[in-house]
Amino acid sequence: MTKELTETIAKALVDNPSGVTVREEENGNDVTLVLSVDPADMGKIIGKQGRIANALRTVVKAASVKEGRRVEVEIV
């Protein structure tokens with residue numbers, strides 16, 4: 001669920017939604033979502049002083065509580 005949520009939010013923020021990919025890496029009960037976007041859209045995902053990236057991470061962490069897993073979002 002959190003992977004789809006991350007992908008949906010990211011696609012809504014960028015100019016080139018086809019360049020958005022989310023890869024899920026599991027390590028026991030911890031999950032890392034690796035979000036990659038087109039280099040031209042990197043600023044739109046990070047936002048001014050990282051505010052959009054932090055908001056995205058907060059929403060995904062809140063959604064992961066229902067799944068009982070710890071989820072980190074890494075933007076590359």
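When R57 is tested against (1) touching a helix residue (DSSP H, G or I) at 6+ places or on another chain (Cβ under 8 Å); (2) over 16 Å from V14 (Cα atoms); (3) part of a helix (DSSP H, G or I); (4) not polar (S, T, N, Q), exactly one condition is not met: (1). Note on the stretch 1-43: residues that are touching an Asp or Glu at 6+ places or on another chain (Cβ under 7 Å) and basic (K, R) amount to 1.
V14 satisfies every condition listed in (1) crowded, with 17+ Cβ neighbours inside 10 Å; (2) at positive phi except (2).
The set of residues in the stretch 48-68 being loosely packed, with under 14 Cβ neighbours inside 10 Å and among the charged types (D, E, K, R) consists of K48, R51, K66, E67.
Here is a yes/no grid of residues against (1) basic (K, R); (2) modelled with pLDDT of 95 or more; (3) in a helix (DSSP H, G or I):
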| residue | (1), (2), (3) |
| --- | --- |
| V22 | no, yes, no |
| E25 | no, no, no |
| V31 | no, no, no |
| V34 | no, yes, no |
| A40 | no, no, yes |
| K44 | yes, no, yes |
| R51 | yes, yes, yes |
| S64 | no, no, yes |
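Looking only at the stretch 17-47, which residues are buried (at least 16 other Cβ atoms within 10 Å of the Cβ) and either touching a residue at least 60 places away in the same chain (Cβ under 8 Å) or not charged (D, E, K, R) (or both)? Correct list: V20, V22, V31, L33, L35, S36, V37, I45, I46.
Count of the stretch 1-50 residues, restricted to those that are basic (K, R) and more than 12 Å from the chain's Cα centre (by Cα), is 2. Of the residues making up the stretch 29-76, those that are farther than 22 Å from S18 by Cα and among the acidic types (D, E) are D30, E67, E72.
The values are calculated or read from the model by the stated rules, or taken from the named source; none is laboratory data. What you see is a predicted model; the values in this text were computed from it and never measured. Ideal geometry is used to build each Cβ from the backbone, glycine not excepted, and the neighbour counts take in all protein chains shown.
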